[in-house]
Amino acid sequence: MITYEEVLETIIAALTGRPSGQKVLVGDHEAAEMKLLDYIEQLKTSIASQTFREIHAFVEANFEVELTWNVAFPNLYYTFTINGFDASGNPVEVMLMNKSADCISIKTLVDATINAIAVPYS
């Protein structure tokens, strides 16, 4: 995992590792840019993995349905809550069939509207 301090040290080394008044060496400049871009990509991935996911779907009775998260989790370390309601607004039983990083598979005994929210473990 790349830290902010590592990126800062690479940039400082590129700027101070040259005689005063001379341009930064191409290799040092490229190394600093790559470290910075890798750090930004790491942050993007980290932020995306920390946000909650949600699903709203209609499921038919007695069919196993995959509910796919809008963004897959990096692993299986997340928890979720599912609510299901029939056409009359009565709660329905939702059975979990399978859990993966990108979806959960469920089954109901009646047609239902499903709402699911998931959050990663902290």
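The values are calculated or read from the model by the stated rules, or taken from the named source; none is laboratory data. As the structure is a computational prediction, the values presented were derived from the model and not from experiment. Positions of Cβ are generated from backbone atoms using ideal geometry, with glycine treated the same way; all protein chains shown enter the neighbour counts. What goes into the accessible areas is simple: the full protein's heavy atoms, side chains included, and nothing from ligands, DNA or RNA. Shrake-Rupley method; radii C 1.70, N 1.55, O 1.52, S 1.80 Å.
See the values below:
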{"item": "Solvent-accessible area, 1.4 Å probe, carbon plus sulfur percent, for the chain", "result": "58 percent"}
{"item": "Solvent-accessible area of T68 with every protein chain in place, 1.4 Å probe, in Å² to the nearest 10", "result": "80 Å²"}
{"item": "Mean projected area in nm² (Cα convex hull; one quarter of hull surface) for the chain", "result": "9.9 nm²"}
{"item": "Exposed-site-free run, longest, the chain (rule: chymotrypsin sites (Phe, Trp or Tyr not before Pro); DSSP loop; at most 15 other C-beta within 10 Å)", "result": "1-51"}
{"item": "Loop-resident sites, segment 17-122, for GluC sites (Glu not before Pro), counting at most 13 other Cβ within 10 Å (DSSP)", "result": "E60, E64, E93"}
{"item": "Equivalent ellipsoid, segment 44-99 (semi-axes from 5 times Cα gyration tensor eigenvalues, Å)", "result": "26, 12, 10"}
{"item": "For segment 9-77, Kirkwood radius (reciprocal of mean inverse C-alpha pair distance, Å)", "result": "16.3 Å"}
{"item": "Residue of K35, K23, K44 that the Gaussian network model of the chain assigns the largest fluctuation, springs spanning Cα pairs under 10 Å", "result": "K23"}
{"item": "Highest-fluctuation residue, L36, L25, L67 considered, GNM on the chain with Cα pairs under 10 Å", "result": "L25"}
{"item": "nm² value of the averaged projected area, convex hull over the Cα atoms of segment 73-122", "result": "3.5 nm²"}
